[in-house]
Amino acid sequence: LSLHDALPIFFMKIVIIDDDISFLEMFNKKINSSMKKIFDQVIIDQYTNINLFPFQYDIYFLDIDLIDDNGISIAGKIKENDKNALIIFVTSKNNLVFSALKVQPFYFIRKGNLDEEFETALTLLKEHFNQKSYFSFKYDFEYIKILTDDILYLEVDNHLTSLVTRAKVYHLYKPLKEIMSEIKSDDFIQISRKNSVNIKHIKQYKKNAILLDNNQTLKIGIAFKSAVAERMIK
């Protein structure tokens, strides 16, 4: 079975944050049954306490009006950590919808109109991910499919190239240039002999280094400085 004949596995990490435990349990079941129709494998976590959850998910279902915190400020922190994160606000207070627009959420679901608006959110998510580009490869006897946007950077060491995402690091026995060619994305720029980075995850550019949005710093090679500078200007 070739790579192109196989059905790759696409993981989606989802979190629900709501201080209403009964709603949390019900909504978890609803998401779990529905999301499996879109994605190959779904991991769903739920939290009532904002201080307990890690900021490493693809989709956030977030209550705006939490007892101990403000959902809008939490969304701002999520966006600071990962500007590609999809935030769907879930609220029983319709008057808070407009004030939440400043953090650019993906969608709103009003609890009073849950079924209809949840179905709309599912449709929009399908459309969103259908428009994305993916990278498929064989790994540990499985065919994996990941979003190109989720790749932070590539790093080569001898004949081993590490593909680094927030959730996992994949080690592939292929040259860096070959993997870049297979990814087929203009979003990647080689900054040294050992590193190529996804420009969508560049948080800060300096003369000699790049800071990624996971707060990791990668050095720019001397031979690559002018090309990196030109690309960053564009």
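Candidates in the range 187-204 are the residues that are open to solvent by less than 20 Å² (accessible area, probe 1.4 Å) and more than 18 Å from residue 226 (Cβ to Cβ); of these, the one that is modelled with the lowest pLDDT is 201. Candidates in the range 209-234 are the residues that are in contact (Cβ under 8 Å) with a residue 12 or more places away in the chain and not hydrophobic (A, V, I, L, M, F, W, C); of these, the one that is most open to solvent (accessible area, probe 1.4 Å) is 219.
Among the residues making up the range 166-208, those that are assigned to a strand (DSSP E or B), without any contact (Cβ under 8 Å) to a residue 40 or more places away in the chain and within 18 Å of the chain's Cα centre (by Cα) are 169, 170, 188, 202, 203.
Screening the range 112-133 for residues that are touching a strand residue (DSSP E or B) at 6+ places or on another chain (Cβ under 7 Å) and modelled with pLDDT of 90 or more and picking the one that is farthest from residue 59 (Cα to Cα) gives 117.
The numbered conditions (1) surrounded by 16 or more Cβ atoms within 10 Å (Cβ to Cβ); (2) of a type in the set (A, V, I, L, M); (3) at pLDDT 90 or above; (4) farther than 30 Å from residue 232 by Cβ are all true for residue 176 except (4). The residues of the range 165-182 that are touching a strand residue (DSSP E or B) at 6+ places or on another chain (Cβ under 8 Å) and of a type in the set (Lys, Arg), listed by number, are 166, 174. The criterion of at least 2 residues that are over 22 Å from residue 190 (Cβ atoms) and open to solvent by 20 Å² or more (accessible area, probe 1.4 Å) is met by the following strands (runs of 3 or more DSSP E) wholly inside the range 74-165: 107-110, 134-139, 142-147.
I'm checking my understanding of the structure. Among residues of the range 197-234 that are touching an Asp or Glu at 6+ places or on another chain (Cβ under 8 Å) and among the basic types (Lys, Arg), which one is farthest from residue 156 (Cα to Cα)? Selected residue: 203. Given the structure, is residue 59 at pLDDT 80 or above, closer than 27 Å to residue 214 by Cβ and surrounded by 12 or more Cβ atoms within 10 Å (Cβ to Cβ)? Yes; evaluated as a whole, the condition is true for this residue.
The values are calculated or read from the model by the stated rules, or taken from the named source; none is laboratory data. Note that the structure is predicted; figures quoted are calculated from it, not measured. Glycine gets a Cβ as well: all are built from the backbone with ideal geometry, and neighbour counts include every protein chain shown. Ligands, DNA and RNA are stripped out before the accessible areas are found, and what is left, the full protein with its side chains, is counted by its heavy atoms. Shrake-Rupley method; radii C 1.70, N 1.55, O 1.52, S 1.80 Å.
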